[in-house]
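A.B. asks: Dropping the structure in here first, questions after.
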Amino acid sequence: LPEDPEALDRVAALHGMESGGALLEAVRPHVERVGRIYDELADEDNASRLPQGAGLEARLSDAGFADVHNAQHLIEKWRSGRYPALRTGAARAALEDALPGLIDAFASAPEPAAAMARVDTLLSRLPSAINFFRLLEAQPALARLLSMILSHAPTLAEALARRAELLDGLIDASALDPMPSTDVLADEMGRREPGSDYQWLLDHVRRIVGERRFALGAQIVAGVSDPLEVSAGYARVAEAAIGVLAAATVAEFQKDHGSVPGSELVVLALGRLGGKALTHASDLDLIYLFTGDYSAESDGKKPLGAVTYYNRLGQRLSAALSVPTAAGPLYEVDT
């Protein structure tokens, strides 16, 4: 019903009534009866949800938040539906269901205020938050791990803000197991869908590397793995990505320029990658070499001298390893 009195009078006239006030009095008993029924259902359904106003302030204080005002402000902002991810009723319902567990998880985190602020950043970037909150509601241990990540690991928090689905990978307990061998990782990265092209592979490798690196970072934060083993795992992931993308880049380059007879590209890793001790933030220190006769020429439809051939091929490989795509960035490469 319209709030404007004149408009309400017109609606009442359509019903054959003399005024908007008479119409409101006619529907009031029905509205109040439905309201009582709904409130009974809602009270039963929302018994475990966070209260509003002063009740929320008391709940946060009881949970142990040092900065109750800031936490309350953020929760009220989320509830207002200010962000696109929280504008639907379903999204806000999922938020309400997940909030009690999130509050308990964040309250026990080393830096609750930092964790809450990073959740706020995450929500501001998500297109939809329904699955995110449903996942946290169903997995309390995951909510606790998330609070640790958001408190201690800004790099992981930033990755999560770009790709919230990274959290899905932590549902499986095997995500906290040691990283498999380079061959197994390369097989996973190199598995193509029928009809897929080079660009699809670039995105595919970036998605898998992102998931694997996020899982390794979570192992460090959760304290479930030896940091030296995690460091070696980071190196295996990078080595597999280099192998898969190098093979694909060479094949793509050969379509126009063929190959240099008796010659091949060699990728030499130095620094942390060369020592199999990579970290989450490490770049890749690489040297590109080629074997064979430097004065030879490629045999493709657009032949190139060997030096020019491998200079351009090295640039293509560096781009494959570093240029952001729709799936995000991969590595910084120092050649």
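A.B. asks: Can you give the convex hull volume per residue for the Cα atoms of the chain, as a whole number of Å³?
C.D. replies: 206
A.B. asks: Which of the lysines could be linked to residue 301 by a straight reach, that is with a Cα gap under 25 Å, when you skip same-chain ones fewer than 8 residues away?
C.D. replies: Answer for residue 301, where 25 Å is the Cα cut-off: 255, listed by chain and number.
A.B. asks: With all protein chains present, how much of the accessible area of segment 133-183 (probe radius 1.4 Å) comes from carbon and sulfur, to the nearest whole percent?
C.D. replies: The C+S portion of the solvent-accessible surface of segment 133-183 is 54 percent.
A.B. asks: Give the value in nm², to one decimal: projected area of the alpha carbon convex hull of segment 217-335, averaged over all directions.
C.D. replies: It is 8.0 nm².
A.B. asks: How large, in percent, is the carbon and sulfur part of the accessible surface of segment 253-335 at a probe radius of 1.4 Å?
C.D. replies: Within segment 253-335, the accessible surface is 51 percent carbon and sulfur.
A.B. asks: Averaged per residue, what accessible area in Å² does segment 159-289 show with a 1.4 Å probe, protein chains only?
C.D. replies: Computed with neighbouring chains in place, this is 46 Å² per residue.
A.B. asks: Sort 137-145, 297-305 for me by packing, meaning the mean count of neighbouring Cβ atoms within 10 Å per residue, highest on top.
C.D. replies: 137-145, 297-305
A.B. asks: Further question: Residues of segment 70-126: accessible area per residue at 1.4 Å, in Å²?
C.D. replies: I get 37 Å² per residue for this part.
A.B. asks: What percent do you get for the relative contact order of the chain when only Cα pairs under 8 Å and 6+ apart count?
C.D. replies: Answer for the chain is 11 percent.
A.B. asks: Continuing with the same structure: Grab the other residues whose beta carbon is less than 13 angstrom from that of residue 204, score K and R as +1, D and E as -1, and report the net.
C.D. replies: Cβ neighbours under 13 Å give a net charge of -1.
A.B. asks: Follow-up question, since we're still on this one. Can you tell me the equivalent ellipsoid semi-axes for segment 49-136? Use √(5λ) from the Cα gyration tensor, largest first, whole Å.
C.D. replies: So the equivalent ellipsoid measures 20, 14, 12 Å along its semi-axes.
A.B. asks: May I ask for the distance between the Cα centers of segment 279-322 and segment 195-248, given as a whole number of Å?
C.D. replies: The two parts, judged by their Cα centres, are 22 Å apart.
A.B. asks: What aspartates and glutamates sit close enough to residue 276 to cross-link, taking a C-alpha to C-alpha distance under 16 Å and skipping anything fewer than 8 places away on the same chain?
C.D. replies: Leaving aside aspartates and glutamates fewer than 8 places away in the same chain, those within reach of residue 276 are 183, 226, 229, 239, 285.
A.B. asks: If R0 is 30 Å, what FRET efficiency do you get for residue 87 and residue 58 from their C-beta distance, rounded to 0.05?
C.D. replies: In this case the efficiency is close to 0.60.
A.B. asks: What number, in nm² with one decimal, is the all-direction average of the projected area of the convex hull of the alpha-carbon atoms of segment 107-205?
C.D. replies: 8.1
A.B. asks: Estimate the FRET efficiency between residue 252 and residue 131 by the formula 1/(1 + (r/R0)^6), using the beta-carbon distance for r and 35 Å for R0, to the nearest 0.05.
C.D. replies: 0.50
A.B. asks: In addition: Could you tell me the calculated FRET efficiency between residue 34 and residue 158, based on Cβ-Cβ distance and R0 = 41 angstrom, to the nearest 0.05?
C.D. replies: That gives a FRET efficiency of 0.30.
A.B. asks: Nearest 5 percent is fine: what portion of the DSSP beta bridges confined to the chain is antiparallel?
C.D. replies: 80
A.B. asks: For the chain, what does the helix formula give at 222 nm: sum of -39500 (n - 2.57) over DSSP H segments with n ≥ 4, over the residue count, nearest 500 deg cm²/dmol?
C.D. replies: -20500 deg cm²/dmol
A.B. asks: By how many nm would the segment from residue 203 to residue 124 grow when fully extended, if each residue of separation counts as 0.36 nm and the alpha-carbon distance is taken off?
C.D. replies: My answer for the length gained is 26.0 nm.
The values are calculated or read from the model by the stated rules, or taken from the named source; none is laboratory data. Every value quoted in this text rests on a predicted model; they were computed, and no experiment measured them. Because the Cβ atoms are built from the backbone with ideal geometry, glycine has one as well, and the counts that use them run over all protein chains shown. Surface accessibility is based on the protein's heavy atoms, side chains included, excluding ligands, DNA and RNA. Shrake-Rupley method; radii C 1.70, N 1.55, O 1.52, S 1.80 Å.
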